[in-house]
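Quick notes on the structure that follows.
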Amino acid sequence: MPAEFFQRHLDIIFFVYGLAFFTAGAAILTQRRFHTRFRLGRSIGLLAAFCIIHGLNEWCDLWGLVKGRSPALAAAGLVLLSVSFACLLEFGRRLLNTALGRLRLRGSLSWVLGALCAAALGAAPGDSSIWPRYLLGFPGGLLTAAGFLVYYERNEEALRPVQVRAPFLAAAAAFAAYTLLGGLVVPQAGLFPASALNTDSFLDCVGAPVQLFRMLCAAAAAWAVCAMLKIFDWEAHEALNETIRVQAAVNELLRLSLAPMPLEQKLRRMLERVFATSWFSVQKKGCVFVSDGHELRMLVRIGMSEALAKACGRLPMGRCLCGRAAATGQAVLTAGLDERHEVSYPGIAPHGHLCLPLKREAEVLGVLNLYLGPGQALDSRQQDFARAVADIFAGMLALDRAEAAVHGAQKMETIGILAGGVAHDFNNLLAGVLGNADLALMDLPREHPARESVSEIRKAAQQAAQLTGQLLAYAGRSPADMRPADLNALIRDMDSLLAMSTLRKVPIHYQLDAGLPPAPMDAAQVRQVVMNLVINAAESLGPSGASIRVETRFLQADREFLARAAAGAQAEAGPYLQIAVQDSGCGMDEATRSRIFEPFFSTKFTGRGLGLSSVLGMVRNHKGAILVDSEPGCGSRFRVLLPCPAQPAAAPASAAGALGRGSASI
């Protein structure tokens, strides 16, 4: 009775059978699974193809059952059956390969079985449907069932939060059962095992058609596949939550970056906030370096021992991991200590590093150094967060530099206004002192005892007038008599003057490029600039083995070049004449370099601190620029740029002249 009932309602069975597979395939295709970290998503499209094509095949069987089976319908059903099982076989192979890792089933397996199936269909067309089931469906179902089991076992830790153990086990069981019912129970044929195990023998033995059990397996498989698809929804939800967490952390860092506090304290607070981010799996240990163009200096550190801080306190560009990151402008990620980790100390423990350059455009401002556990790797999202943190830190360093430059300019401008006002008023007073001193000297006889005292008063007033002149030059109130002049000739004429300006005999090497065009300049002010720079260079030299080099040349300066100038806010890109004064003396550190143009700042015991400040004012009068390069123990180089409207002329063969290229002694 049950057998007759199910036989009469095979149309319903075929319809539900096909609908179950078709629903599973549609669910897979409509699921967002791209850019997933679950490797199942890379091959599950083949399972969708199997489900949809196999569902269509069952509906073809339904059509044949209701309307009668024509040759065309039989051929279409055979094609759909073969293609669907081929997709199942390839999906099972790829899924198992994904789960097994190194032990892989070659892709040629699908091609070989497909070729055998095609050959069998050509050789025995009468038994058409048994070969796709034997050669494609049976191995494909077994591989798929095994693939689901092994994949869950190998990825259980990642899948545990999603709670999909039951769907994976159900899918494995459903496809294993369907393998037996759809791959071994075939239409009756004259060859073994189809002659013994077939749909008719199954009906006689069980009392129900095999299609009923296939339908139940299809329904179970469809439920399991649809249930396991939630791993992609969970992943998308987690990605969204992680994006929110990252954005919250970044917003907090941005808020801290705008807080009114010193740079060092601000960097420390931000670094502590980074380490407090629970999902950012780095050690609570790291530091921030700042760059001066030649070396890295550790500005902030957290969790680092004194020995480590001492060993890494200053790093030349290119040395160790942080130096390499600064020199190349590229991030350095290591999982352990290798040959690139050049800095070491007793008791160093295995660890990894993530060294990120802090860049603004092409300039490296510093390095963010984060410590990782030995063998630890950061996923792409955590690396993206680390790069975002580095960008925020770089923005802070750039902002601090800009603020320091603005404050420095405002400070210099304020000092200039004050110095100019005082010098102007004092100069007026000195004019009265000098005038009265001259009148007194005219009235006093040569033998008068007060004449010597008045002469000393006049001499002191003249020296004071020179000081006020320097202050006026710094403030930009010293009038400039701009006339076209030959820079090389002007420097040649200063040879004897330079010789009288210092007591020490110091060799000066001249390298004056011939063919420089005349440029508008105040000759007296340019002489004073060269004089002050040479005197400063001579006073910085050691007792022996020192020298000074004076150079001139023509150059085209762009805005990027002028941006490096210590003074030159008014300078515009274009042609310039350059005067360079270089010494091999003691050099200057960064703190000294930042103050050398301040009035009354001097590193000499007897210095007044007005030499370089007056140079700055005179260069400003010419709308020029000054560049300073100096390192402790490496000497200093001052480059003064004066605007030049013309291009250099072709140099004649004998243009070197007496002081064109050579040396003299001061």
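The values are calculated or read from the model by the stated rules, or taken from the named source; none is laboratory data. Everything quoted here is computed from the prediction, not taken from an experiment. Heads up, the Cβs are rebuilt from the backbone with ideal geometry, glycines too, and the neighbour counts pull from every protein chain shown. When the accessible area is computed, the model is the full protein with side chains, heavy atoms only, and any ligands, DNA or RNA have been set aside. Shrake-Rupley method; radii C 1.70, N 1.55, O 1.52, S 1.80 Å.
From the list SER636, SER614, which one is out of contact with any Lys or Arg (no Cβ under 6 Å at 6 or more places or on another chain), modelled with pLDDT of 80 or more and polar (S, T, N, Q)? Write out each step before concluding.
Details: SER614 fails: modelled with pLDDT of 80 or more.
Result: SER636 is the single residue among SER636, SER614 that is out of contact with any Lys or Arg (no Cβ under 6 Å at 6 or more places or on another chain), modelled with pLDDT of 80 or more and polar (S, T, N, Q).
Of all residues in segment 427-441, those that are farther than 11 Å from ALA464 by Cβ and touching a residue at least 12 places away in the same chain (Cβ under 8 Å) have Cβ atoms under 9 Å from Cβ atoms of residues that are open to solvent by 60 Å² or more (accessible area, probe 1.4 Å) and not basic (Lys, Arg), 6 or more apart or on another chain, in ALA437/ILE457; ALA440/ILE457.
Check segment 184-191 and report whether any residue there is more than 23 Å from GLU58 (Cα to Cα) and either under 51 Å from the mean Cα position of the chain (by Cα) or part of a loop (DSSP other than H, G, I, E, B) (or both). Looking for residues that are more than 23 Å from GLU58 (Cα to Cα) and either under 51 Å from the mean Cα position of the chain (by Cα) or part of a loop (DSSP other than H, G, I, E, B) (or both), one finds at least one in segment 184-191, hence yes. Residues that are of a type in the set (Gly, Ala, Ser), open to solvent by 10 Å² or more (accessible area, probe 1.4 Å) and at pLDDT below 90 within segment 134-188 comprise just one, ALA158. Checked against the criteria, PHE554 does not count as at pLDDT 80 or above, aromatic (Phe, Trp, Tyr) and closer than 30 Å to LEU296 by Cβ. Does SER544 count as at pLDDT below 80 and open to solvent by 20 Å² or more (accessible area, probe 1.4 Å)? Taking the combined requirement at face value, the residue satisfies it.
For ALA650, the requirement of being surrounded by fewer than 20 Cβ atoms within 10 Å (Cβ to Cβ) and at pLDDT below 75 is met. For segment 290-312, indicate whether the set of residues that are closer than 24 Å to ALA377 by Cβ, β-branched (Val, Ile, Thr) and either in a helix (DSSP H, G or I) or touching a residue at least 40 places away in the same chain (Cβ under 8 Å) (or both) is non-empty. Checked against the condition, which is being closer than 24 Å to ALA377 by Cβ, β-branched (Val, Ile, Thr) and either in a helix (DSSP H, G or I) or touching a residue at least 40 places away in the same chain (Cβ under 8 Å) (or both), segment 290-312 yields no hits at all. Candidates LEU441, LEU368, LEU378: the one that is assigned to a helix (DSSP H, G or I), at pLDDT 75 or above and crowded, with 16+ Cβ neighbours inside 10 Å is LEU441. Just one of the listed residues (GLY64, GLY18, GLY25, GLY41) is under 41 Å from the mean Cα position of the chain (by Cα) and part of a helix (DSSP H, G or I), namely GLY41. Taken over segment 249-275, the criterion of being within 21 Å of the chain's Cα centre (by Cα), open to solvent by 50 Å² or more (accessible area, probe 1.4 Å) and among the hydrophobic types (A, V, I, L, M, F, W, C) is satisfied by LEU254 alone.
Remark: ALA224 falls outside the filter, which requires a residue to be within 21 Å of ALA388 (Cβ to Cβ) and either at pLDDT 85 or above or outside any helix (DSSP H, G or I) (or both). The residues of segment 218-277 that are farther than 30 Å from ILE52 by Cβ, among the aliphatic types (A, V, I, L, M) and in contact (Cβ under 8 Å) with a residue 60 or more places away in the chain, listed by number, are VAL246, ALA249, VAL250, LEU253, LEU254, LEU263, LEU267, MET270, VAL274.
One residue alone among LEU100, LEU105, LEU73 is over 26 Å from LEU229 (Cα atoms) and at pLDDT below 85, and that residue is LEU73.
Please work out if GLU58 is in a helix (DSSP H, G or I), among the charged types (D, E, K, R) and surrounded by 23 or more Cβ atoms within 10 Å (Cβ to Cβ). It is true that GLU58 is in a helix (DSSP H, G or I), among the charged types (D, E, K, R) and surrounded by 23 or more Cβ atoms within 10 Å (Cβ to Cβ). Taking the criterion of being buried (at least 17 other Cβ atoms within 10 Å of the Cβ), more than 19 Å from the chain's Cα centre (by Cα) and modelled with pLDDT under 85, the only residue of segment 276-294 that qualifies is THR277.
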